[in-house]
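Report on the following structure.
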Amino acid sequence: MSDLAFITDGTAAAVGLVLALFNMGTNHCPNDGCLAHNDRQAYHNLSAGEVTFQEQGVGSEIYYRRDTRHGFGPFQITWGASVTDEGGAWIGIGSVGAYHTPNDRWFLEFHSMPGLYMKGGENGLGGPIEFRSGIAVGYQARNGVRASLSFDHRSNSGIYSNNPGLETVQFRVSVPVGKTFK
């Protein structure tokens, strides 16, 4: 089993959800409501990295993600699209949650997004509906630009009989859109 099995089996997504629910109960429910709309800093995220299928490097991927200004409790709405050098493509929408150190520079981020997958010349992942979840650790500069290293996993979560996974280790740069919230 891979050293990153805790991420590829959905554990990282579950940890992100538990942290978000704890954050919601602590910071959102007592104030404006558990899932009340709130403004967030929007970001353009661009990343590139190596794609792995069953622990074998199979190519590279470019991934664009847009974190919107819309949050509901601790969940910020995001959407993204990726394409690999083998012609595989994925597009989806979901949520992201970021947790910052007290100085707001270092952060840990979790995301989960259901989406549509087209395999192109890649190995199939079992069907067209594929879930992308991931974890990132990064640094945010004073001007709001972020750099992070992330790990994403895509699979169909067992909704099809065949459920192989596809992973991507990426370097991401995130540029704030419009006003930077501090």
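The values are calculated or read from the model by the stated rules, or taken from the named source; none is laboratory data. Predicted model, so just to flag it, every value in this text is computed and none were measured. For neighbour counting, all protein chains shown are included, and Cβ atoms are generated from backbone atoms with ideal geometry for every residue, glycine included.
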> So is His153 touching a Gly at 6+ places or on another chain (Cβ under 7 Å) and closer than 16 Å to Gln41 by Cβ or not?
Replying inline: no
Subset of the range 137-157, residues closer than 15 Å to Leu116 by Cα and either part of a loop (DSSP other than H, G, I, E, B) or of a type outside the set (S, T, N, Q) (or both), comes to His153, Arg154, Asn156, Ser157
Exactly one of Leu166, Leu125, Leu108 is surrounded by fewer than 21 Cβ atoms within 10 Å (Cβ to Cβ) and in contact with a strand residue (DSSP E or B) (Cβ under 8 Å, 6 or more places away or on another chain), and that one is Leu108
For the range 53-66, pairs from a residue that is more than 14 Å from Glu122 (Cα to Cα) to a residue that is polar (S, T, N, Q) and surrounded by fewer than 15 Cβ atoms within 10 Å (Cβ to Cβ), with Cβ under 9 Å and 6 or more apart or across chains, are Glu55/Ser2
Restricting the range 26-81 to residues that are farther than 22 Å from Ser155 by Cα and aromatic (Phe, Trp, Tyr), the one surrounded by the fewest Cβ atoms within 10 Å (Cβ to Cβ) turns out to be Phe72
Among (1) free of Cβ contacts under 8 Å to residues at least 40 places away in the same chain; (2) in contact with a Ser or Thr (Cβ under 7 Å, 6 or more places away or on another chain); (3) not basic (Lys, Arg), Glu130 falls short only on (1)
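This table checks each residue for (1) at pLDDT below 95; (2) crowded, with 16+ Cβ neighbours inside 10 Å.
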| position | (1), (2) |
| --- | --- |
| Ala89 | no, yes |
| His100 | yes, no |
| Gly115 | no, yes |
| Lys119 | yes, yes |
| Ile135 | yes, yes |
| Asp152 | yes, yes |
